[in-house]
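Each value in this text was obtained by applying a stated rule to the coordinates, not by laboratory testing. Small disclaimer: the values here were computed from a predicted structure and weren't measured. All Cβ positions, glycine included, derive from the backbone under ideal geometry; neighbour counts span all protein chains shown.
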Amino acid sequence: MLDPRGLAYLKGANGRLRPYGHEVAAAPAPAKGKPPGDDAVPPSVSDMSPASGATIGSQATFSATVTDASGIKTVSFVINLPSGQSQSFSPSASGDVYSLGLSGFSDGDWSWQVQATDGAGKGGNTTLTAPVSFTVDTGGTAPPPSGDIIINSSWAGGGEVQDAAGRIYFQMPEIQRRGRTESITWLSYVCSGTVVNDGVSGRSVILTAAHCVYDDVAKLFARNVLFIPNQAGTDGSGTDTQCGNDPIGCWAPAFGVVDVDWTTATFPDNIPWDYAFYVVDDSDTAAHTAGLYPSSSVLDVAATPMDISFAAPVLDEYTYALGYSYSEDPNFMYCAEAVTTEGSYNDWWLPNCGLSGGASGGPWVQPADSEDESLGTGPVMSVNSWGYTNSPGMAGPQLNGTSASCLFDIAKDSDATPIGTADGEAGIIGC
């Protein structure tokens, strides 16, 4: 994730942000002071709907009346998720009434606030209302039809994407320096990935993000990697390494494949190459640990793989991004809206997406299915890559016209072998 200063932070399994490629701690939000001026009274907010104690479904219209003698400069609706995270949205105005339709809510206890700034001099006066609590009860409905903006909702569509996508557990190195002494500590992280059709026998291929495979600061590959398909079906309480409580168990990849440009630069300069693959050796029976139900030990037989597309997707087309956000562990979450581009890095961009840490590497699907989008049949056209720390949105790297197809060819090549077998060496740097 990037903060407003352009500094990168990596979210660990405990949800905390640690500096990534620098040693600057995450900055707290600046305090909002009241500027001097003749008008020292902030805007008045009333008639908030949903009101306190209301119950809504997966979608609702939020509205509030906002007034001020100096006029209104800006209004934002702040939605507070059950996980503790917040997202801000800009409503439309009709006189003094501001409203916004939102969908993609998941079951739980939520709250919302209104933040408004008036037109007084020197920046104006700002008010932030107390949180208004409401409950979401979706009744287990399937994904809404195309066109709705889905912020962050539990996937109920099943289909190939439910089987093919899964949680990736892994350890990454953290370099610690004391004077001239340098040591490495391996820390646990989580990401998401998708089994994709490779058209070859003898190996199964998992598409994910490069930062889930290779640490561009320590210049080492991940170790102790596990891929857990359909982790949402676990009978455990969340992510763990106990494969027996997951639907078809888990698989230990043999190695990862990343682009050389990801390894020679550091985040965020290497953002365009944030795509990678894990390779599972199908002949290695020890790679699979059985789960709750009988299944093949071959990953792309046990989990229905999805097609991967290296063709250019359709801009402004309705697109799904899915993944296992750690804040919603072990639920399989998704967001959906018209895809655009993020100007700074020329990535694909879903501006309202609320997926968070742990969803990285999860699939972007366009179209979901030509007849029934709830089936989630693909193809996969990108992966969750990064977002800003202070605003919603998810970026995904372009697979079309890049080295992604070249890396995929390496992952499928039966003669491809990793650098080594020691910690940090289980991978191939190519293309």
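Below, the figures for the structure above:
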read-out: Mean Cβ count within 10 Å, highest first, over the residues of peptides 90-102, 188-200; value: 188-200, 90-102
read-out: Mean Cβ count within 10 Å, highest first, over the residues of peptides 148-157, 42-51, 173-182; value: 148-157, 42-51, 173-182
read-out: Sequence-distant residues sharing a close amide H with Asp216 (under 5 Å, placed H); value: none
read-out: Cα centroid separation - the stretch 323-337 against the stretch 184-249, whole Å; value: 15 Å
read-out: Per-residue HN-Hα couplings for the stretch 398-403 [Karplus 6.51, -1.76, 1.60; θ = phi - 60°; Hz; x = Gly/Pro]; value: 7, 8, 7, x, 10, 7
read-out: Val200/Leu315 FRET efficiency (R0 22 Å; Cβ-Cβ; nearest 0.05); value: 0.10
read-out: Derived scalar couplings ³J(HN,Hα) [the stretch 274-288; Karplus, 6.51 cos²θ - 1.76 cosθ + 1.60; whole Hz; x for Gly, Pro]; value: 7, 9, 6, 9, 9, 10, 9, 7, 5, 7, 8, 5, 6, 5, 9
read-out: R0 of 41 Å, Cβ-Cβ distance Ala290-Ser92: FRET efficiency to nearest 0.05; value: 0.15
read-out: Residues with amide H under 5 Å from that of Gly424, placed H, sequence gap 5 or more; value: Phe221
read-out: Amide N proximity, the stretch 77-114 versus Ala156 label position 7 Å along Cα-to-Cβ, cut-off under 16 Å; value: 103-109
read-out: Proxy reagent accessibility, fewest Cβ within 10 Å first, across Met306, Met333; value: Met306, Met333
read-out: Ordering of 233-240, 256-263 by packing [mean C-beta count within 10 Å, highest first]; value: 256-263, 233-240
read-out: Label-point gap, in nm, between Asp413 and Ala54 - each point 7 angstrom along Cα→Cβ; value: 5.9 nm
read-out: Among (1) 63, 38, 22; (2) 40, 25, 19; (3) 37, 29, 19, the entry derived from the coordinates for semi-axes √(5λ) of the Cα gyration tensor in Å; value: (2)
